[in-house]
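In what follows, a structure is listed as structure tokens, so that the remarks can point back to it.
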Amino acid sequence: MNRFEELIQELCPKGVEYRHLWEATIWDKRFNSVDRKKQPQIIVYPYLLANDLFSLEQPTGDVFLLSTGEKTGWTTTALAADYLCDGEVVTIPWGKSRPVEDIIKYYKGKFVTADNRIATSVDTSVLLNKYLYYWLLSKGKEIDGFYRGSGIKHPDMSSVLEMRIPLPPLPVQSEIVRILDSFVALTSELTSELTSELAARKKQYEYYRDSLFTFDDTVQWLALSEIADIGTGSSNTNEELGVGDYPFFVRSQEVRRKNTYEYDETAIITSGDGVGVGKIFHFVNGKYALHQRAYRIHITDERVLPRYYFYYMKSAFLPYIEKNSFHSSVTSIRRPMLNNFPVPVPAFEKQRRIVAILDRFDTLCNNISTGLPAEIEARKNQYEYYRDKLLTFKEVTEA
């Protein structure tokens, strides 16, 4: 029996008390949707908008910039001035476009805050703030469901405050915090190591890819229009989308699903405009639908392996369009850019060897079901599993 199990057996073998958040926490403002009786006390923290918050950022400092997003930073007491706050708090953003679990924060000390909703324990002999943080983090998906609106969403705080939090005895809360702090530190260290390894593998992949696509004067070069059928799609993102049978390639990295298809072929898909220009590529073999501002490239020349061309385009197309553009950045692709794109066509067997090598690297670097990204995801899932298990209690019932 480990220390945590011993504490449970000793201090709360029959279960623990649950309370509503409004009973156990103090927030930074009174919410219109919440009965005043449920908020007898508030603690006001002056806040800055995000741009103003980060205008205070310094290379070093002792005041934390408590943002509403993933970016954080530090400033000084002098720069913080009238916006300087001090305390032990847990925050969720007032307006968000990302999952709560990505941006919920705990901090103890001096800080300047952006427009967060800020909570602190009514009584730390009953509820530890760090325990509150981990519990809210475990309920991130539920809290996401309380956010309303289009674009930047805002939380229905009456729903948040009605959530019921288990309150085991303080030694149990302390042990949970200790375990999760250790787990977070270990997971962070392992993830950092794996991320570094992944970056090194990607760098190695790019080196071998560039070496493989270095040819001598004997290799024939052809314009893309000579070896491929090039076209755009006709679908748009306003059409009804669901859990369809066919992939729908839009202009970004995102792939949606549709119940209808436009093409049944082997093709390379690339963005026609937007942030993905020259960077986003998909290889598809089968039925699919295509956004009207994305391009499909169907190789028709039997001398060229489609997957060989896919890898070559990933390697060479962005430098090509940047070099041949009149602007410092390329925001859209025009058909002549694709038509005139020069493609080296080595012997068929050499193409096969290049594809075999790059397929192995691609699996290692990018496939979420195998390789290093899967290991990083597994660490995250393992942490979440143990966190949620530690924070799940039987509710005590009156005898």
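The values are calculated or read from the model by the stated rules, or taken from the named source; none is laboratory data. The shown structure was predicted, so the numbers you read here are calculated from the model rather than taken from an experiment. FYI the Cβ positions are ideal-geometry reconstructions off the backbone, even for glycines, and counts take in every protein chain you see.
For the stretch 203-210, does any single residue satisfy the condition of being of a type in the set (D, E, K, R) and in the same structural domain as K314 (by TED's automatic domain parsing)? No, the stretch 203-210 contains no residue that is of a type in the set (D, E, K, R) and in the same structural domain as K314 (by TED's automatic domain parsing). Being among the charged types (D, E, K, R) and either free of Cβ contacts under 8 Å to residues at least 24 places away in the same chain or not in a loop (DSSP other than H, G, I, E, B) (or both) is the filter here; which residues of the stretch 298-317 pass it? Within the stretch 298-317, E302, R307, K314 qualify. Restricting P46, P93 to residues that are within 21 Å of H154 (Cα to Cα), touching a residue at least 24 places away in the same chain (Cβ under 8 Å) and loosely packed, with under 15 Cβ neighbours inside 10 Å narrows the list to P46.
Being assigned to a strand (DSSP E or B) and loosely packed, with under 15 Cβ neighbours inside 10 Å is a property that K141 lacks. Remark: pairs (first residue in the stretch 327-345, modelled with pLDDT of 90 or more; second residue hydroxyl-bearing (S, T, Y) and outside any helix (DSSP H, G or I); Cβ separation under 8 Å; 6+ apart in sequence or on different chains) = L338/Y295. Here E23 fits the description: part of a helix (DSSP H, G or I), at pLDDT 95 or above and under 29 Å from E175 (Cβ atoms). Residues being within 18 Å of Y106 (Cα to Cα), of a type in the set (A, V, I, L, M, F, W, C), under 24 Å from the mean Cα position of the chain (by Cα) and modelled with pLDDT of 95 or more are represented in the stretch 158-166 by at least one member.
Name the single residue that is nearest to M163 (Cα to Cα) among those in the stretch 91-113 being more than 21 Å from the chain's Cα centre (by Cα) and of a type outside the set (S, T, N, Q). Within the stretch 91-113, the match that is nearest to M163 (Cα to Cα) is Y107.
Scan the stretch 73-90 residue by residue and report those that are free of Cβ contacts under 8 Å to residues at least 24 places away in the same chain and within 25 Å of the chain's Cα centre (by Cα).
Of everything in the stretch 73-90, those that are free of Cβ contacts under 8 Å to residues at least 24 places away in the same chain and within 25 Å of the chain's Cα centre (by Cα) turn out to be G73, W74.
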